[in-house]
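First up is the structure itself, then whatever we jot down about it.
The values are calculated or read from the model by the stated rules, or taken from the named source; none is laboratory data. Given the structure is predicted, the values throughout are model-derived calculations rather than measurements. Here the Cβ positions follow ideal geometry from the backbone for every residue, glycine too, while neighbour counts run over all protein chains shown.
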Amino acid sequence: MSVQSKFIDVEGMRTHYLEAGSGHPLVLLHSGEFGACAELSWEFNIEPLSQHFRVLAPDWLGFGQSAKIFSFDDMQELRIRHIAGFLKELRIPKAHFIGNSMGGGQLARAAVMTPPAFPIVKMVLCGAGGFAPRNAARETLNTYEGDRDHMRRIVETMFVNPRIYSDASYIDRRHRLSLEPGAWECTAAARFRMPGRKSGERDETTYEKIAFPTLIIAGARDPLRNPGYAQELQKQVTDSEIVMVDDAGHCPQIDSPERFNQEVIAFLSR
């Protein structure tokens, strides 16, 4: 089934998204590293998932082909409002959601709002949720200044599948997408901190308030999370289950797409 690239105006903000399939809507929310976009996060998942669902994969504001807009006073809220507006424009009353990394963090925040910001039926957190330590792996992602060799190191940090991290053409494509006008600036802006202000020391999301069936998919070799984070997260989300993917890092949907697609389809189809 073909994947269509589309644009829609959301409150004056250009919004790019990928769409495929029919049936119950499934919204895919991509990660937030330099160069991230729907195309890269979900390229191995959209077509298999579209055999069962109407898949919608938007680019967040500041990423991909969506408008390069960043808000310093309400960064998280603007992004959540934007996706909520995107769903309203497409007249999506209810949907399943999958969020990877930053996308999963935003999904969890939307889920615990009163009322929830997104019309969630079921949700999947993939390499997302819980405390995100400031370690060497995260430093590699955060200090990117646009050169290809650094993008190679980012790919080698995020993925454990040699088919991904040893593919020069894959690295080239990620590098090219990271240089879209305005993309670096918007991604870098999220890392800015006032001198003396501490950050990255705790996760303030109240996961206990998540009231939707939740699947937690975690890579056993994720360098961007502390060991055991997924098990701790599962204890906090009442109606949740966990899948550990041994041969995966921070993005199981890319490192091990067949396993990821199988687990997601089974969970969402019950």
Taking segment 205-228 and the residues there that are surrounded by 20 or more Cβ atoms within 10 Å (Cβ to Cβ) and among the hydroxyl-bearing types (Ser, Thr, Tyr), the one that is farthest from the chain's Cα centre (by Cα) would be 207
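Would you check if residue 124 is over 21 Å from residue 62 (Cβ atoms), among the hydrophobic types (A, V, I, L, M, F, W, C) and crowded, with 24+ Cβ neighbours inside 10 Å? First the steps, then the outcome.
Numbers: over 21 Å from residue 62 (Cβ atoms): yes; among the hydrophobic types (A, V, I, L, M, F, W, C): yes; crowded, with 24+ Cβ neighbours inside 10 Å: yes.
Against the criterion (over 21 Å from residue 62 (Cβ atoms), among the hydrophobic types (A, V, I, L, M, F, W, C) and crowded, with 24+ Cβ neighbours inside 10 Å), residue 124 qualifies.
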Pull out all pairs, ordered by first then second residue, where Cβ-Cβ is under 6 Å, the residues are six or more apart or on different chains, the first lies in segment 55-67 and is in contact (Cβ under 8 Å) with a residue 24 or more places away in the chain and within 13 Å of residue 43 (Cα to Cα), and the second is part of a loop (DSSP other than H, G, I, E, B) and of a type in the set (Phe, Trp, Tyr). 57/42
Inside segment 1-19, can you point out the residues that are outside any strand (DSSP E or B) and more than 20 Å from the chain's Cα centre (by Cα)? 1, 2, 11, 12
What are the pairs, 6+ residues apart or on separate chains, where a residue within segment 12-30 that is free of Cβ contacts under 8 Å to residues at least 60 places away in the same chain has its Cβ under 7 Å from a residue that is in a strand (DSSP E or B) and hydrophobic (A, V, I, L, M, F, W, C)? 14/7; 16/7; 18/57; 19/55; 19/56; 20/55; 21/55
Regarding residue 55, is this residue among the hydrophobic types (A, V, I, L, M, F, W, C), in contact with a helix residue (DSSP H, G or I) (Cβ under 6 Å, 6 or more places away or on another chain) and buried (at least 24 other Cβ atoms within 10 Å of the Cβ)? yes
Mind listing just one residue for me: the one in segment 230-257 that is among the hydroxyl-bearing types (Ser, Thr, Tyr) and modelled with pLDDT of 95 or more and, of those, surrounded by the most Cβ atoms within 10 Å (Cβ to Cβ)? 256
Selection from segment 166-191 of residues surrounded by 16 or more Cβ atoms within 10 Å (Cβ to Cβ) and either at positive phi or of a type in the set (Phe, Trp, Tyr) (or both) yields 170, 184
If you check residue 22 against the conditions, is it in a strand (DSSP E or B) and among the hydroxyl-bearing types (Ser, Thr, Tyr)? no
Go through segment 31-45 and give me each residue that's part of a helix (DSSP H, G or I), buried (at least 24 other Cβ atoms within 10 Å of the Cβ) and either of a type outside the set (Ser, Thr, Tyr) or without any contact (Cβ under 8 Å) to a residue 40 or more places away in the chain (or both). 38
Just one of the numbered conditions (1) touching a Lys or Arg at 6+ places or on another chain (Cβ under 8 Å); (2) under 24 Å from residue 116 (Cα atoms); (3) at pLDDT 95 or above is not true of residue 57; which one? (1)
State all residues of segment 229-267 that are free of Cβ contacts under 8 Å to residues at least 12 places away in the same chain and farther than 25 Å from residue 47 by Cβ; if no residue qualifies, say none. 231, 235
Anything in segment 50-64 that is in contact with a strand residue (DSSP E or B) (Cβ under 7 Å, 6 or more places away or on another chain) and either part of a loop (DSSP other than H, G, I, E, B) or more than 20 Å from residue 93 (Cα to Cα) (or both)? List them, or say none. 53, 59, 61, 64
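On the basis of being part of a helix (DSSP H, G or I), surrounded by fewer than 23 Cβ atoms within 10 Å (Cβ to Cβ), without any contact (Cβ under 8 Å) to a residue 12 or more places away in the chain and among the basic types (Lys, Arg), does residue 163 make the cut?
Working: part of a helix (DSSP H, G or I): yes; surrounded by fewer than 23 Cβ atoms within 10 Å (Cβ to Cβ): yes; without any contact (Cβ under 8 Å) to a residue 12 or more places away in the chain: yes; among the basic types (Lys, Arg): yes.
In short, yes.
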Could you grab the pairs with beta carbons closer than 7 Å, sequence gap of 6+ or different chains, first residue in segment 126-142 and farther than 23 Å from residue 234 by Cβ, second one outside any loop (DSSP other than H, G, I, E, B) and of a type outside the set (Ser, Thr, Tyr)? 140/153; 140/154; 141/154
